[in-house]
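A.B. asks: Starting off with a structure, shown below.
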Amino acid sequence: MKQLEEKIIADGRVLSEAVLKVDSFLNHQIDPVLMQAIGEEFASRFKAAGITKILTIESSGIAPAVMTGLSLGVPIVFARKRKSLTLKDGLYTADVHSFTKNETNEISVSRDFLGKNDVVMILDDFLANGQAALGLLDIVEQAGAECAGIGIVIEKGFQPGGKLLRDKGVRVETLANIKRMEPGHVEFYGEVPNR
């Protein structure tokens, strides 16, 4: 998605060869025009998949998921990273390790919102090592639902997550796939073929 790649080049900050900061438009401050375009692009790619729910993880996946859900006309469910007084029973749970934060969180989704009749699109802001996506896949499997595929806003193609998921036979749709980055420079792959 050219618009997203241009935004990453213009407003993203490469902090190291593995860390890209996009807090000015994706995961702290949100660019709603860009999010709308992202939602429309994902909706276009998944429109024939029969999606009934979009599953993401709090909090950075919520904005692109909402815009995709709006375009597809389906609800969004987000996995919580922390328990609350109102969300403690009847849960699907999975452990997800964040390499960026160097912590493991138990994510959870209420059984009320995902079930065996759902066709789920998983959506997340970043794909690096694949741990969040695998945790969300685990939750979809626990629910007995079908996973139609995973939508990723930004993939770090030089890290193993994308290959791991594709080798498992999971459809992965990436809008911006980074081949290499260093402070002051980001290089993108072309389209990544799906299996």
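The values are calculated or read from the model by the stated rules, or taken from the named source; none is laboratory data. What you see is a predicted model, and the numbers here were worked out from it, not measured in a lab. Don't worry about glycine lacking a Cβ; one is built from the backbone with ideal geometry, like all the others, and counts go over all protein chains shown. Each accessible area value is taken on the protein alone, full model and side chains, heavy atoms only, with ligands, DNA and RNA left out. Shrake-Rupley method; radii C 1.70, N 1.55, O 1.52, S 1.80 Å.
A.B. asks: State the number of residues belonging to region 31-58 that are open to solvent by less than 20 Å² (accessible area, probe 1.4 Å) and not aliphatic (A, V, I, L, M).
C.D. replies: 4
A.B. asks: Condition check: under 17 Å from the mean Cα position of the chain (by Cα) and in contact (Cβ under 8 Å) with a residue 40 or more places away in the chain. Does residue 30 satisfy that?
C.D. replies: For residue 30, the condition - under 17 Å from the mean Cα position of the chain (by Cα) and in contact (Cβ under 8 Å) with a residue 40 or more places away in the chain - is not met.
A.B. asks: Considering only region 34-62, state which residues are closer than 13 Å to residue 152 by Cα, part of a helix (DSSP H, G or I) and touching a strand residue (DSSP E or B) at 6+ places or on another chain (Cβ under 8 Å).
C.D. replies: 38, 41, 42, 45, 46, 62
A.B. asks: Sort out which residues of region 2-17 are open to solvent by less than 40 Å² (accessible area, probe 1.4 Å) and assigned to a loop (DSSP other than H, G, I, E, B), and write them in order of number. Steps first, answer last, please.
C.D. replies: Looking only at region 2-17, we keep the residues that are open to solvent by less than 40 Å² (accessible area, probe 1.4 Å), and these are 4-5, 8, 12, 14.
Across region 2-17, the qualifying residue is only 12.
A.B. asks: Taking region 124-144 on its own, how many of its residues are crowded, with 20+ Cβ neighbours inside 10 Å and under 12 Å from residue 55 (Cβ atoms)?
C.D. replies: Result for region 124-144: 9.
A.B. asks: Give the residues of region 82-93 that are at pLDDT below 85 and open to solvent by less than 100 Å² (accessible area, probe 1.4 Å), sorted by residue number.
C.D. replies: 84, 87
A.B. asks: Please state which of the following conditions residue 99 fails to meet, knowing it meets all the rest: (1) open to solvent by less than 50 Å² (accessible area, probe 1.4 Å); (2) under 16 Å from residue 127 (Cβ atoms); (3) out of contact with any strand residue (DSSP E or B) (no Cβ under 9 Å at 6 or more places or on another chain).
C.D. replies: (1)
A.B. asks: Which strands (runs of 3 or more DSSP E) sit wholly inside region 68-151 and have at least 3 residues that are of a type outside the set (Gly, Ala, Ser) and farther than 23 Å from residue 45 by Cβ? If you could, list the steps in order and put the result at the bottom.
C.D. replies: Working: elements: 76-79, 91-98, 103-110, 119-127.
It comes to 91-98, 103-110.
A.B. asks: Additional query: Note down all Cβ pairs under 7 Å where the first residue falls in region 65-81 and is in contact (Cβ under 8 Å) with a residue 12 or more places away in the chain, the second is among the acidic types (Asp, Glu), and they're at least six residues apart or on different chains.
C.D. replies: 71/40; 78/58; 79/58; 80/58; 81/58
A.B. asks: Only residues that are open to solvent by 10 Å² or more (accessible area, probe 1.4 Å), touching a strand residue (DSSP E or B) at 6+ places or on another chain (Cβ under 8 Å) and without any contact (Cβ under 8 Å) to a residue 60 or more places away in the chain: list them for region 153-176, please.
C.D. replies: Answer for region 153-176, where residues must be open to solvent by 10 Å² or more (accessible area, probe 1.4 Å), touching a strand residue (DSSP E or B) at 6+ places or on another chain (Cβ under 8 Å) and without any contact (Cβ under 8 Å) to a residue 60 or more places away in the chain: 157, 158, 166, 170, 171, 174.
A.B. asks: Residues of region 177-192 being of a type outside the set (D, E, K, R), open to solvent by 60 Å² or more (accessible area, probe 1.4 Å) and within 18 Å of the chain's Cα centre (by Cα), which ones?
C.D. replies: none
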